[in-house]
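Engineer: Have a look at the structure that comes next, please.
The values are calculated or read from the model by the stated rules, or taken from the named source; none is laboratory data. Because the structure is a prediction, the values reported are computed rather than measured. Heads up, the Cβs are rebuilt from the backbone with ideal geometry, glycines too, and the neighbour counts pull from every protein chain shown.
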Amino acid sequence: MILLHTLRDFFHFLKVPTPHFRQVPLTLRTVLLLFGVVSILRVGSVLADVGLIRPLVREWLGQELARQTFPAEWSELLVGALLVAPWLEELAYRWGLRFSAERVAWSVGLVVFYWLPLGGTYSTNLVRVLDQPGFYLMGLVALVAGLTTYALLRVPLLAGAFQRRWERYFGVIFYGSALLFGLMHVSNVRELSATVWLLAPFITIQQIVFGLVNGYVRVRFGFAQAVVQHMLFNLVPIALRWWYL
């Protein structure tokens, strides 16, 4: 009953996203409830992806998409997928959904980082890129973007005007965040082409749906719950990979 109520609340939220935040304690019951909601919606997106979208993409491209490979070492995979990616990606795409100069600055800086060349692949491959000069250059650019945003939002006149527009256009911000989060994962495709980018909203449908769900989780249940759900979301394919080894 609670599960169905939460699903109805989610779809109602999608109709009119509002920045009305709740402070819900991080309990096991809430974690399992939201994991059930995420799982139901994930199954729907997987069925649409595998049964409809992938065959269409294969028809348009004339071949299967080649995906980036996971790290070979289990330790690197677990650290990247269950710790680094959930925290950094939630900070980038969900932390700033609750307005403050600090939160928005963090989100802007990290979104800039993720949308620089190959940024989307760094969360789960962080260990192997630490010795690449481009990684630190991207970090510097992201830092400048974040600090600039923070400085602008600390100006009282600008902060007040921006916050009013933030609340007024929250729906655009919410959907834009979910879309950017999903499209970022097109970098999981090994060879990016104009056609792949054109089909990116279809290729990344699972991540876009998850972006919508976890945006709702962040708003209704808090940031910590969004991080936990992201960890569980990434844990499922890792567990399946381990099971079929």
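Engineer: Select, from L26, L4, L33, the only residue that is in a helix (DSSP H, G or I) and either in contact with a Cys (Cβ under 6 Å, 6 or more places away or on another chain) or in contact (Cβ under 8 Å) with a residue 12 or more places away in the chain (or both). Step through it out loud before you land on a result.
Structural biologist: Working: L26 fails: in a helix (DSSP H, G or I); L4 fails: either in contact with a Cys (Cβ under 6 Å, 6 or more places away or on another chain) or in contact (Cβ under 8 Å) with a residue 12 or more places away in the chain (or both).
Criteria check complete, one pass: L33.
Engineer: Determine which member of the set L183, L199, L212, L235 is free of Cβ contacts under 8 Å to residues at least 40 places away in the same chain and not acidic (D, E). Even if it seems obvious, please write down each step before you answer.
Structural biologist: On the way: L199 fails: free of Cβ contacts under 8 Å to residues at least 40 places away in the same chain; L212 fails: free of Cβ contacts under 8 Å to residues at least 40 places away in the same chain; L235 fails: free of Cβ contacts under 8 Å to residues at least 40 places away in the same chain.
One residue alone meets the criteria, L183.
Engineer: I'm checking my understanding of the structure. Among residues of the stretch 7-16 that are in contact (Cβ under 8 Å) with a residue 12 or more places away in the chain and closer than 20 Å to Q206 by Cα, which one is surrounded by the most Cβ atoms within 10 Å (Cβ to Cβ)? Talk me through it step by step, then tell me what you get.
Structural biologist: Step one: filter the stretch 7-16 for residues in contact (Cβ under 8 Å) with a residue 12 or more places away in the chain, giving 7, 9-10, 13-14, 16.
Of the ones still in play, those that are also closer than 20 Å to Q206 by Cα are 7, 10, 13-14.
On the way: L7: 14, F10: 19, F13: 17, L14: 16.
Across the stretch 7-16, the extreme among qualifying residues is F10.
Engineer: Going by what's in this entry, would M138 be described as in contact with a helix residue (DSSP H, G or I) (Cβ under 8 Å, 6 or more places away or on another chain), modelled with pLDDT under 85 and surrounded by 14 or more Cβ atoms within 10 Å (Cβ to Cβ)? Walk me through it before giving the result.
Structural biologist: Details: in contact with a helix residue (DSSP H, G or I) (Cβ under 8 Å, 6 or more places away or on another chain): yes; modelled with pLDDT under 85: yes; surrounded by 14 or more Cβ atoms within 10 Å (Cβ to Cβ): yes.
Judged against the criteria, M138 is a match.
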